[in-house]
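Take a look at the structure set out below.
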């Protein structure tokens, strides 16, 4: 079997220091592989993107010492709910039924940027790892020896030579475009708005759990607890301007519709973003691989996007480590493509699209039947476990490794 191409002279190059890229780089560096992590921004981006870490993701991150850090910085959530605002009916799922399937039978609610920040700080102290902020990838070329990456830096243009490259540089990925991979799927006409507030919403919505999917014929929403803030996700109407949707008046109106109170809410953060359902036509082109939002993107209902991206990174890291140690050849990179792309297509896309359809349902009788179904499922331990094995992404991770 051929010796590994990975060396100090030709490290693994990672584009994007988000939760996928930074954790992937740390998985490799923890095994002694040289890595260079490139990030176009001046530091880790602090925003209101993903905040849910599912059980199998926590199991994986335990291997690089990140799970306890997330628990220390975030909030452990063992229960989540589907709520009907008209009837106040609540279907509550308890993740403790997964205790025999995972070391972490709960979610951790913690902003994704905190994971990125922690990983980058650890990487910065590792001699065989380099973290380069303000380094924007502008071109990628596969060569017989590896990859040549063109980068715009504060000191001008540079070329970095690597053995392999992992592009996890977001939905508009420069890496994906540079190697000519199509991004197949569609974009919803409406956007999602996320706003945070420190106000105690639990005083207005009885029995509120850490994660809540709230149906309402006028306006559904998702209510999440994250550290000392409540984060609320609202759908918006196509055609409304970004300026209006991000205005104080609009956000106040939405929050008061959810929980009426005297006076204005204190608004911590606000983020408005497009909602996509897309999967790259392939996750591999030569020695360039894709993962995270560069490879697949979906609506956030169910919290599967970031988690699926981290699962991409762990899967690929395992295969690159095997190549480096002479235990596998490059054929396993084709297996990576199939395992992670088929999982995104057949599970994550279908599950998140269905989640959105369920939340948007306005017919009262259909809503009643849906809520009744959730309540029956939550009340039956066997049905609840079967539901949570899918919703917590345990089944899809296991099923992905069965793909050859």
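The values are calculated or read from the model by the stated rules, or taken from the named source; none is laboratory data. Bear in mind that the values here come from a model prediction, so they are computed numbers and not experimental data. In this analysis, Cβ positions are derived from the backbone assuming ideal geometry, glycine residues included, and neighbour counts consider all displayed protein chains.
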Seminar exercise, completed: Taking the range 214-229 and keeping residues over 19 Å from residue 86 (Cα atoms) and either assigned to a strand (DSSP E or B) or at pLDDT 95 or above (or both) leaves 224, 225, 226, 229
Problem set entry | Selection within the range 118-134 - within 23 Å of the chain's Cα centre (by Cα), crowded, with 21+ Cβ neighbours inside 10 Å and not in a helix (DSSP H, G or I) | 131
For this session: Take residue 312 and decide whether it is modelled with pLDDT of 95 or more and closer than 14 Å to residue 279 by Cβ.
Result: yes
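With the condition kept exactly as written, say whether any residue in the range 174-196 is loosely packed, with under 14 Cβ neighbours inside 10 Å, modelled with pLDDT of 95 or more and either in contact with a strand residue (DSSP E or B) (Cβ under 8 Å, 6 or more places away or on another chain) or over 22 Å from residue 358 (Cβ atoms) (or both). Step through it out loud before you land on a result.
We begin by selecting, within the range 174-196, every residue loosely packed, with under 14 Cβ neighbours inside 10 Å; these are 180, 182, 184, 186-187, 189.
Adding the requirement that they be modelled with pLDDT of 95 or more leaves 180, 182.
Subsequent filtering for residues that are either in contact with a strand residue (DSSP E or B) (Cβ under 8 Å, 6 or more places away or on another chain) or over 22 Å from residue 358 (Cβ atoms) (or both) retains 180, 182.
Looking for residues that are loosely packed, with under 14 Cβ neighbours inside 10 Å, modelled with pLDDT of 95 or more and either in contact with a strand residue (DSSP E or B) (Cβ under 8 Å, 6 or more places away or on another chain) or over 22 Å from residue 358 (Cβ atoms) (or both), one finds at least one in the range 174-196, hence yes.
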Exercise. Only one of (1) within 21 Å of residue 320 (Cβ to Cβ); (2) buried (at least 22 other Cβ atoms within 10 Å of the Cβ) fails for residue 212. Which number is that?
Worked result: (1)
For this session: Report those helices (runs of 4 or more DSSP H) wholly inside the range 326-404 carrying at least 2 residues which are out of contact with any strand residue (DSSP E or B) (no Cβ under 9 Å at 6 or more places or on another chain) and over 25 Å from residue 280 (Cβ atoms).
Result: 364-379, 381-391
Exercise. Under 6 Å by Cβ, and 6 or more places apart or on different chains, what pairs join a residue from the range 144-159 that is part of a loop (DSSP other than H, G, I, E, B) with one that is surrounded by 10 or more Cβ atoms within 10 Å (Cβ to Cβ)?
Worked result: 146/5; 146/10; 146/162; 146/163; 146/287; 154/134
For this session: Check whether at least one residue in the range 52-75 is surrounded by fewer than 20 Cβ atoms within 10 Å (Cβ to Cβ), closer than 19 Å to residue 224 by Cβ, free of Cβ contacts under 8 Å to residues at least 40 places away in the same chain and under 19 Å from the mean Cα position of the chain (by Cα), and report yes or no.
Result: yes
Problem set entry | Tally, over the range 99-117, of residues that are under 23 Å from residue 387 (Cα atoms), in contact (Cβ under 8 Å) with a residue 60 or more places away in the chain and surrounded by fewer than 21 Cβ atoms within 10 Å (Cβ to Cβ) | 2
Exercise. Among the numbered criteria (1) part of a strand (DSSP E or B); (2) under 24 Å from residue 77 (Cβ atoms), which single criterion is violated by residue 206?
Worked result: (1)
Problem set entry | Top-ranked residue in the range 241-259 [being without any contact (Cβ under 8 Å) to a residue 12 or more places away in the chain and outside any helix (DSSP H, G or I); ranked as surrounded by the most Cβ atoms within 10 Å (Cβ to Cβ)] | 247
For this session: Give the residue that is farthest from residue 75 (Cα to Cα), with candidates limited to residues of the range 230-240 that are in contact with a helix residue (DSSP H, G or I) (Cβ under 9 Å, 6 or more places away or on another chain) and outside any loop (DSSP other than H, G, I, E, B).
Result: 235
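Being buried (at least 19 other Cβ atoms within 10 Å of the Cβ), more than 30 Å from residue 320 (Cα to Cα) and free of Cβ contacts under 8 Å to residues at least 40 places away in the same chain narrows it down to one of 221, 226, so name that one. Walk me through how you get there before you give the answer.
Working: 226 fails: free of Cβ contacts under 8 Å to residues at least 40 places away in the same chain.
After applying the criteria, what remains is 221.
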Problem set entry | Meets criteria (within 24 Å of the chain's Cα centre (by Cα) and within 16 Å of residue 338 (Cβ to Cβ)) for residue 271 | no
